[in-house]
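Here is the structure we will look at.
The values are calculated or read from the model by the stated rules, or taken from the named source; none is laboratory data. Remember, it's a predicted structure, so these values are computed and weren't measured experimentally. Every residue, glycine among them, receives a Cβ derived from its backbone with ideal geometry; neighbour counts consider all protein chains shown. SASA here: full protein model, heavy atoms, side chains in, ligands and nucleic acids out. Shrake-Rupley method; radii C 1.70, N 1.55, O 1.52, S 1.80 Å.
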Amino acid sequence: MICSRRDFIRTAAAAGLSPGLAAAIDPIKRPGPKAELKLSLAAYSFRKYLDLKSKPTMTLFDFIDLGAELPLDAVELTSYYFAETSDEYLYKLKAYAEKKKLAISGVPVGNTFTVKDEARRKKEIQSVKDWTARAAKLGAKTVRIFAGTKDKDDTFEVAQKRVVEAMNECCEVAEKLGIYLALENHGGITDSADHLLELVKPVKSSALGVNIDTGNFHTPDPYADIAKIAPYGVVSQGKTEVYPNNKKEEADLDRVIKILKDANFHGYVALEYEAAEEPKVAVPRYIKELRKLITG
């Protein structure tokens, strides 16, 4: 899917066509009759070891080493844990992952597009643009982005408009670099499937898709909402817990993977582990389970 859409972007640009020809308003057209899921692991799963604000005991290189010991196709390198952002560092990370026979599936960015202050919003937009360029240098496929939460004195509709405008601007950079921006369902104004799609559908860019976070819907039926956004997904964050009506319960991973397969999903499913059990113990177990479900 990623290659076919990237080829479309380049072909359209070469022909002098508008980048809005492939609109995000429609579900993504998948190649072939069968889903193609690849397994990744989010660095955020090991946040307590990677956190640069404390005394980290793990680097992104160490995380790649850990990933190489698991049945993975890729690793996701969370932007929060980059020791630096120089080209030298980025290319070194890319080469190290390649040496370990792992792709870099994506780079999550901690942005907020709902903010009313224009100067601050411009900084948020620039941050996404900068990380999109870095993702391209890493050879990543996606940049995972967020919308945000509306201010108390703001209206839902105006906050939505700001997010759409910001994504349109960022997509111009993403299109040129052949990167997907993947908007995550992450509470705030993306708290439901309908609210998420209200932001995605107006963006007329082939560079925008959805990051399907399987644990972030706190609605009566999270699985139904996952199924609703799956046709727009370009990447997925697999969680081990779900929250129907805000009540935590163990995720039915078999059901989640079936939803993605039924949607003919083509892309990476990155385990993002957030549960209480020690990640060094729990993550290998869940990765093995996901690998079995994906290949089954």
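Considering every residue within the stretch 246-268, establish whether at least one is without any contact (Cβ under 8 Å) to a residue 24 or more places away in the chain and in a helix (DSSP H, G or I).
Yes.
Just the residues that are closer than 18 Å to Val75 by Cβ, in a helix (DSSP H, G or I) and without any contact (Cβ under 8 Å) to a residue 60 or more places away in the chain, please, taken from the stretch 107-143.
Listed by number, the residues that qualify are Trp131, Arg134, Ala135, Ala136, Lys137.
Which of the residues spanning the stretch 205-243 are open to solvent by less than 10 Å² (accessible area, probe 1.4 Å), more than 30 Å from Lys176 (Cα to Cα) and in contact with a helix residue (DSSP H, G or I) (Cβ under 7 Å, 6 or more places away or on another chain)?
Those that are open to solvent by less than 10 Å² (accessible area, probe 1.4 Å), more than 30 Å from Lys176 (Cα to Cα) and in contact with a helix residue (DSSP H, G or I) (Cβ under 7 Å, 6 or more places away or on another chain): Phe217, Pro222, Thr240, Val242.
Restricting to the stretch 274-296, name every residue that is surrounded by fewer than 21 Cβ atoms within 10 Å (Cβ to Cβ) and in contact with a Leu (Cβ under 9 Å, 6 or more places away or on another chain).
Those that are surrounded by fewer than 21 Cβ atoms within 10 Å (Cβ to Cβ) and in contact with a Leu (Cβ under 9 Å, 6 or more places away or on another chain): Lys280, Pro284, Lys288, Glu289, Arg291, Leu293, Ile294, Thr295.
Rundown of residues vs (1) open to solvent by 20 Å² or more (accessible area, probe 1.4 Å); (2) within 25 Å of Ile294 (Cα to Cα); (3) touching a Pro at 6+ places or on another chain (Cβ under 7 Å); (4) outside any helix (DSSP H, G or I), yes/no style:
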| site | (1), (2), (3), (4) |
| --- | --- |
| Lys38 | yes, yes, no, yes |
| Phe46 | no, yes, yes, no |
| Tyr49 | yes, no, yes, no |
| Lys53 | yes, no, no, yes |
| Pro56 | yes, no, no, yes |
| Ile64 | no, yes, no, no |
| Glu84 | yes, no, no, yes |
| Leu93 | no, no, no, no |
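If I filter the stretch 165-182 down to residues being more than 30 Å from Lys99 (Cβ to Cβ) and open to solvent by less than 20 Å² (accessible area, probe 1.4 Å), which single residue comes out as farthest from the chain's Cα centre (by Cα)?
Here the residue is Ala166.
If the requirement is being part of a helix (DSSP H, G or I) and within 20 Å of Ser40 (Cα to Cα), which of these qualifies: Ala224, Ala230?
Matching residue, one of Ala224, Ala230: Ala230.
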